[in-house]
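> My questions will all concern the structure given below.
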Amino acid sequence: MILDIELKKANGLILSEVSEYNPSQDAKDVTQMVMENFTVANTIRQKPYREFNDKTLVERQDIDQKEFNSWQESDSEDPDDAWHSNAVRPTVRNKVISIAAHVTQSMIFPKIFAQNENDEEDKDAAEVMRDLMEWRSNEAGYEKTFLYAVIAALVNPATIIHTEFTEVMRTIKEKSETGKITKKEVVDELFSGFQDNIVPVDELYIGDIYQSDIQKQPFLIWRRTLDYMTANSKYKNKENWKHVKPGIQAIFDEDSDGFYEEQDDDLSGRLVEETIYYNRTLDLQLVFVNGILLDDPDEPNPRQDKAYPFVIGGYELIDEGKFFYYKSLAFKLFPDAITISTLYRMTIDGSLMQLMPAMAVFGEEEVDNGVMMPGAVTSFKNKDSRMESIAPPNNLAAGMNALQMLEESVNYSSQSPRQSGQGMAGSTTAFEVAQLEKNAETMLGLFGKMIGFMVKDLGKLFTSDILQYMTVGEVSELTTSNDALKFRSFLLPEKNINGQSVTKRIDFDMNLPDEPITAEEEMAKSFAVLKEEGGDIKNDQQIAKVNPALFRRWKYMCIISPDTITPPSDNIQKALAMEAYDRAMNNPYANIENLYKDLLLGSYEATRDDVDKYTKQEQPQVQEGNQPNTPVQPKSPVGAVANAERMAI
């Protein structure tokens, strides 16, 4: 499958060893088709594009990753140049980490809406789907995947996530009390279940670079290397796995209609190349390992929705949405970052020249570097001999001013220092804070929308996976009746329901009605569930009973809320709360007590958890003779409202 591995030929004869792998003609035909598609995809991958500043995809990725990792050139081997600084200012890395921390402070998660067959909203079904998606995401490590995806979008031409459901078996050993060792097959929990992976952009080959929708690509090829033992755990049950050898590629020759073996030095004798081919039009998903087809030549996409199991996102669009890849933050900041590092090195070199200037000797004396050592005493035989500095005049202030100007340009293009966590001197009003953050919020808002589109597409795949794999029971006996189906229960601990932390359990039950029921029947079902919970409304567990057949018939829609993508920072929330408090204090319709507790004390972490501790209690009334009760004038706004309300009553 690898194009740069060619058969050894001489005088038209193939010298490579013939492979024992000799599949059917259908397998040869589909292998030839995949090789032709791979040639097209590899040409796209190797072509320079104006969108990448006349770089190829791999070259663009390599440059941007070097900037993110603050790659530093090796010291010069020329003694005359070795003293020059090769320091690199970590401008790109600092901005990437700062923006990633800001965007991921609240994990973006799709909201789910359900619609029944009568085109009516079903809030109960939507709540169950949201809970199942939360369970599925926890199992697959969505939080880590989301973080890695955001960083990849900031650094690379795209961030690509692959999602799938797999079941992998592994052989384990057990030792009995008598010392006998036996083997058995068990499910490998590490590689089984829902799996989400970040796919490097240079591993996914595409069929059309000017088709931005990944689901509309004519074909996709995911090519990567794996350790032989890892691949063995995945594919050992495949019939053709026996032909796979680590480090050896099986290359198909169309002229001789046969397969030949060739050593691949890149596989180091211990790796294998896994190539998965996806074709939407032909409904194919084929797995090749070292060029050997492990599946049936007509193997369909296992997903019920027949979608590609990939989503793609990025930092900024390059054009109006035609180009498949994106402009990363590292790519955007690259020109300024290079200039900043150059000026930084020049400033360091200039400082060194000022601190230890180059010297010239006038006269017949021979002077080496030893005369410049602290405490060294050197006598000249010739009274006319002298040393003078020959360092050129420099202006370090100009270099520092240029650095500051460039760093302000970087801040304008990415994120302000305030949102990076850098404090600013003096107090600021809400308006000033909003102005300081306005540019960064605009940039983050755009990036948030890009990530939101990706999460929305990912939510669609998650929803389809849940309906396909989590709502299906297993037959416990040799019968197809619903009573014999065993469904798995799904537990979600520490769910906040009506202010109480409970464990929520979702049970699928085929015996539940799948048609509308009366209010009396629904009440009876509710009491049955209540009895199952223990009959105590204070029980710390909540059970949701769901008919899987009915649940699968509903339509589900994923929506991303903009406020969850770029939430206001703590600084601006606090400033706006203070401004609202000041303006509402003199309003006759304002509830001063709630304003005082929620906006003033609630804005500070030290006081928000126990506002009553800092609230002055109402003063007792004082009676004088036969005069009616007269409330004592309070000394705090809270007391004033309390007394005013009592007098009105």
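> For the residues Ser526, Ser603, what sequence is obtained by ranking on other C-beta atoms within 10 Å, fewest first?
Taking fewest neighbouring Cβ atoms as first place, the list is Ser526, Ser603.
> Then there's this: By counting other Cβ atoms within 10 Å of each Cβ, how are Phe288, Phe113 ranked from fewest to most?
Phe113, Phe288
> Run the quick spin-label model on Glu139 and Tyr49: label points 7 Å from Cα toward the beta carbon, then report their separation in nm to one decimal.
If labels sit at Glu139 and Tyr49, their model points lie 3.6 nm apart.
> Can I ask one more? Figure the gain on full extension for Ile348 and Ser379 (residue separation times 0.36 nm, minus the Cα-Cα span) and round it to one decimal in nm.
7.9 nm
> With a 10 Å Cβ neighbour count serving as the proxy for reagent exposure, in which order, fewest first, do Lys449, Lys173, Lys460 appear?
Lys173, Lys449, Lys460
> Could you give the length gained on full extension between Tyr210 and Leu446, defined as 0.36 nm per residue of separation minus the Cα-Cα distance, in nm?
So the chain would gain 82.8 nm between Tyr210 and Leu446.
> Too long at a 23 Å Cα-Cα cut-off: which of Lys183/Lys236; Lys183/Lys245; Lys460/Lys555; Lys449/Lys574?
Flagged as over cut-off: Lys183/Lys245; Lys449/Lys574.
> Just subtract the alpha-carbon distance of Thr225 and Asp255 from 0.36 nm times their residue separation and send over the number in nm, one decimal.
Working it through step by step, the gained length comes to 8.0 nm.
> While we're here: If I model a spin label at Thr503 and Asn587 as a point 7 Å from the Cα along the Cα→Cβ vector, what separation in nanometres do I get?
Distance between label points: 4.6 nm.
FYI, it's all coordinate maths here, none of it is from the lab. Everything numeric in this text was worked out from a predicted model, so none of it was measured. Methodologically, a virtual Cβ is constructed for each residue, glycine included, from the backbone with ideal geometry; neighbour enumeration extends over all protein chains shown.
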